[in-house]
Amino acid sequence: MKGFGNIVATWMIIILFLILLFFLYNKLQDNRYIYLGEDASIPAELHPIVEENKNILVEMAEERNIDIVITDETRSIERQDQLYEQGRSRNGNIVTNARGGESYHNYGLAIDYALKNDAGEIIWDIHYDGNGNGESDWFEVAEIAKDLGFEWGGDWGSFKDYPHLQMTFDLSIHQLQKGFRPPENIPSS
């Protein structure tokens, strides 16, 4: 019986340690976000870190002789709903599966890009190689963006959104809808 008591005591200490670790981890995670309440307003501009990395992306693409154009940034709920209806109840191709409030664009955490060809036309040709290095400019830009911390819609499995880049800061759409936001300055990990 004495051996059984030692085993139970050991397991109780392990369980208490894990519970303490769980609470400490969650407390640290909570500091990564700001809670603005369920009626939090929709941002009118890009999150400062997304803005900064967007500008770096444009500069780095230019260094590779790739001319990119940022075609979309922060969107209103109404604009998102209009895009959602495109290809459904309105003419055009389906360009998004996200309704208003369901896109990272609505929270200033996403951008869309296109390329500019030699004639100065904005194109969405993912095979275009304007800098003549044998690689798709589109995919070169996506790789630069991923190195900067963006997630690329071209990596998605079910609905490839090649122009789309986002920084989620580990926040889900549900959390954003509930009023959580990333702080303006994210501490380095």
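Restricting attention to region 117-130, and to residues there that are assigned to a loop (DSSP other than H, G, I, E, B) and among the hydrophobic types (A, V, I, L, M, F, W, C), which single residue is least open to solvent (accessible area, probe 1.4 Å)? Top of the filtered list is ILE126.
Taking the criterion of being closer than 15 Å to ASP67 by Cβ, surrounded by 14 or more Cβ atoms within 10 Å (Cβ to Cβ) and touching a strand residue (DSSP E or B) at 6+ places or on another chain (Cβ under 6 Å), would at least one residue in region 146-155 satisfy it? No, that holds for no residue. State which residue is farthest from the chain's Cα centre (by Cα) when the search covers only region 23-40 and only residues that are open to solvent by less than 90 Å² (accessible area, probe 1.4 Å) and at pLDDT 85 or above. Applying the filter and picking the extreme gives GLY37. Just to verify a result, which residue in region 156-176, among those that are open to solvent by 80 Å² or more (accessible area, probe 1.4 Å) and either hydroxyl-bearing (Ser, Thr, Tyr) or in contact with a Gly (Cβ under 7 Å, 6 or more places away or on another chain) (or both), is nearest to GLU52 (Cα to Cα)? Result: LYS160.
Scan region 47-98 for residues that are free of Cβ contacts under 8 Å to residues at least 40 places away in the same chain, within 30 Å of ASN133 (Cβ to Cβ), within 18 Å of the chain's Cα centre (by Cα) and not in a loop (DSSP other than H, G, I, E, B) and jot them down. Within region 47-98, GLU51, GLU52, ASN55, VAL58 meet the criteria. Within region 131-145, the only residue that satisfies the criterion of being among the acidic types (Asp, Glu), out of contact with any strand residue (DSSP E or B) (no Cβ under 9 Å at 6 or more places or on another chain) and open to solvent by 60 Å² or more (accessible area, probe 1.4 Å) is GLU135.
Any residue at all in region 99-116 that is over 29 Å from GLU78 (Cα atoms), outside any loop (DSSP other than H, G, I, E, B) and not β-branched (Val, Ile, Thr)?
Taking every residue of region 99-116 in turn, none turns out to be over 29 Å from GLU78 (Cα atoms), outside any loop (DSSP other than H, G, I, E, B) and not β-branched (Val, Ile, Thr).
Right, ASN185: over 23 Å from PRO48 (Cβ atoms), modelled with pLDDT under 95, part of a loop (DSSP other than H, G, I, E, B) and within 17 Å of the chain's Cα centre (by Cα) or not? Criteria not met by ASN185. Quick one: is GLU135 assigned to a helix (DSSP H, G or I), acidic (Asp, Glu) and at pLDDT 95 or above? Judged against the criteria, GLU135 is not a match. On the stretch given as region 83-102, residues that are surrounded by 13 or more Cβ atoms within 10 Å (Cβ to Cβ) and not small (Gly, Ala, Ser) total 8. From the list GLY157, GLY149, the lone residue that is more than 17 Å from PRO43 (Cα to Cα), small (Gly, Ala, Ser), touching a residue at least 60 places away in the same chain (Cβ under 8 Å) and assigned to a loop (DSSP other than H, G, I, E, B) is GLY149.
The values are calculated or read from the model by the stated rules, or taken from the named source; none is laboratory data. Everything quoted here is computed from the prediction, not taken from an experiment. Because the Cβ atoms are built from the backbone with ideal geometry, glycine has one as well, and the counts that use them run over all protein chains shown. All accessible areas refer to the heavy atoms of the entire protein, side chains included, with ligands and DNA or RNA removed. Shrake-Rupley method; radii C 1.70, N 1.55, O 1.52, S 1.80 Å.
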